Amino acid sequence: MRAYELLFRDGKSAGANVVDDAQATATVIVNAFAELGMTHVLQDCDAYINVDQQFLFSEVIELLPRRGVVIELLESVPHTASVAARCMHLRAMGYTLALDDVIAFDARTRALLPLVQIVKVDVLAVAGDALRPLVAQLRRAAPHVRLLAEKVEAAADFERCMDLGFVFFQGYHFAKPTTVAGRQLGHSHQALLRLLAQLGADADSSELEETLKAEPGLTVNLLRMVNSAGTGLSRPVNSLRDVIQVLGRRYLKRWVQLLLFSVGQRQGEPSPLLLMAATRGRLMELTATLKHPEDDSLADSAFMAGMMSLMPALVGMKIEEVLAPLHLAPVIDDALLRGDGPLGPLLKLAEASERGDAESLAGALYTGTGPTVDASHFSRAQAQALEWAHTLRRGPLAGLTV
């Protein structure tokens with residue numbers, strides 16, 4: 001297995017049902033690299049992604065890794081001077097381009113051949129007698145390109161394409177498409193627009209951080225996208241502010257634009273689990289401030305740990321699988337994986353308070369080494385966290401679904 005083609009499916013039917021090519025492409029990228037974390041599936045294989053003219057010219061295409069992704073130019077992409085210039089720019093950046101669904105050596109194919117490294121020939125749509133001269137024309141015009149035979153349905157088709165000199169092969173003869181399903185982390189259209197406006201206005205990092213605090217799904221998808229789509233974080237993340245600073249505003253803006261491509265306006269009540277994740281994060285942040293009033297960094301990490309602690313329930317994965325690609329700080333991993341470190345007791349305290357079990361809460365408040373935090377101060381922190389959550393119901397979390 002050399003590569004996978006990532007295709008859009010709406011989940012309602014076996015077919016693609018594509019209405020908007022750009023939105024379909026954005027959805028594929030978001031689902032593969034953020035929602036589903038597809039790097040564990042792709043491993044060392046390339047990912048082929050269909051791109052129309054609109055998406056080709058969008059800056060968000062540069063969110064894709066330069067290695068491991070092949071950008072397929074759909075048959076709707078015209079052979080214009082601007083398309084040629086854009087393709088040359090992407091190739092200079094290190095991207096691999098493929099020409100999709102070639103069935104004839106026409107003017108468009110001839111014009112785009114010098115711009116791509118791979119040509120996908122639809123062998124099912126080319127009459128048997130016409131395939132050999134088509135391959136010969138392609139090889140004469142562009143000896144540098146590698147030919148891929150797509151829609152290879154049977155062993156006889158495979159053997160014929162091998163004889164003709166195809167290098168790569170795709171089709172039902174090798175494998176049928178598989179739908180990779182997973183739970184989506186919601187993010188509201190309203191929050192994306194707010195974040196984009198803040199970035200456009202060069203808002204302070206504290207403002208961006210507050211928007212992300214109210215959007216646990218958005219934050220986790222950001223971390224997944226960064227780590228799986230080729231950017232990678234250069235150092236462990238302690239807080240949301242770290243995410244903003246390490247990424248840089250230009251990259252963050254592109255990412256938000258990509259999400260806006262893929263998401264429509266959602267209606268309905270906020271997800272209780274997302275609301276709970278945000279509330280738990282806020283409670284742990286306040287509790288860490290009570291316990292370590294001089295350590296703002298620990299309070300930031302406490303919010304991240306509290307929010308992340310509910311991700312297994314949200315995405316249906318073990319906490320080890322959730323954390324593995326996210327590159328979070330050791331103090332956060334210690335709390336979530338082992339329940340220790342400075343944040344471990346605070347997480348146990350937050351969980352006990354949510355259960356409403358007086359015995360568990362008392363045990364979490366008073367450990368063998370003394371009180372975790374003062375009980376009356378913790379009660380006040382609970383009230384403040386719940387009040388903050390109440391404002392979220394009317395604000396950024398409105399409209400989220402999971």
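The values are calculated or read from the model by the stated rules, or taken from the named source; none is laboratory data. Computed from a predicted structure; not experimentally measured. All Cβ positions, glycine included, derive from the backbone under ideal geometry; neighbour counts span all protein chains shown. For accessibility, only protein heavy atoms count, side chains too; no ligands or nucleic acids. Shrake-Rupley method; radii C 1.70, N 1.55, O 1.52, S 1.80 Å.
Being modelled with pLDDT under 80, out of contact with any helix residue (DSSP H, G or I) (no Cβ under 7 Å at 6 or more places or on another chain) and open to solvent by less than 60 Å² (accessible area, probe 1.4 Å) is true for just one of G356, G368, G395, G399. Which residue is that? Talk me through it step by step, then tell me what you get.
Values: G356 fails: open to solvent by less than 60 Å² (accessible area, probe 1.4 Å); G368 fails: open to solvent by less than 60 Å² (accessible area, probe 1.4 Å); G399 fails: out of contact with any helix residue (DSSP H, G or I) (no Cβ under 7 Å at 6 or more places or on another chain).
Selected residue: G395, the only one of G356, G368, G395, G399 that is modelled with pLDDT under 80, out of contact with any helix residue (DSSP H, G or I) (no Cβ under 7 Å at 6 or more places or on another chain) and open to solvent by less than 60 Å² (accessible area, probe 1.4 Å).
Taking the stretch 58-92, which residues are part of a loop (DSSP other than H, G, I, E, B) and in contact with a Lys or Arg (Cβ under 6 Å, 6 or more places away or on another chain)? Outline the logic, then answer.
Going residue by residue through the stretch 58-92, those that are part of a loop (DSSP other than H, G, I, E, B) are 58, 64-68, 74-80.
Answer for the stretch 58-92, where residues must be part of a loop (DSSP other than H, G, I, E, B) and in contact with a Lys or Arg (Cβ under 6 Å, 6 or more places away or on another chain): just H79.
Residue under question is D129, and the condition is that it be acidic (D, E) and loosely packed, with under 15 Cβ neighbours inside 10 Å; does it hold?
Numbers: acidic (D, E): yes; loosely packed, with under 15 Cβ neighbours inside 10 Å: yes.
It is true that D129 is acidic (D, E) and loosely packed, with under 15 Cβ neighbours inside 10 Å.
For A362, only one of the following conditions fails: (1) aliphatic (A, V, I, L, M); (2) assigned to a loop (DSSP other than H, G, I, E, B); (3) without any contact (Cβ under 8 Å) to a residue 12 or more places away in the chain. What is its number?
(2)
Results for (1) modelled with pLDDT of 90 or more; (2) open to solvent by less than 20 Å² (accessible area, probe 1.4 Å); (3) in a helix (DSSP H, G or I); (4) more than 21 Å from L274 (Cβ to Cβ), shown as yes or no for each residue.
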site: S297; (1), (2), (3), (4): no, no, yes, yes
site: M304; (1), (2), (3), (4): no, yes, yes, no
site: M317; (1), (2), (3), (4): no, no, no, no
site: V331; (1), (2), (3), (4): yes, no, yes, yes
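Suppose we filter the stretch 278-295 for residues that are of a type in the set (V, I, T) and open to solvent by less than 10 Å² (accessible area, probe 1.4 Å); how many remain?
So in the stretch 278-295, the residues of a type in the set (V, I, T) come out as 279, 287, 289.
Now drop any that are not open to solvent by less than 10 Å² (accessible area, probe 1.4 Å), which leaves 287.
Summing the residues that are of a type in the set (V, I, T) and open to solvent by less than 10 Å² (accessible area, probe 1.4 Å) in the stretch 278-295 gives 1.
Against the condition out of contact with any Leu (no Cβ under 8 Å at 6 or more places or on another chain) and at pLDDT 85 or above, how does P342 come out, does it pass?
Values: out of contact with any Leu (no Cβ under 8 Å at 6 or more places or on another chain): no; at pLDDT 85 or above: yes.
Judged against the criteria, P342 is not a match.
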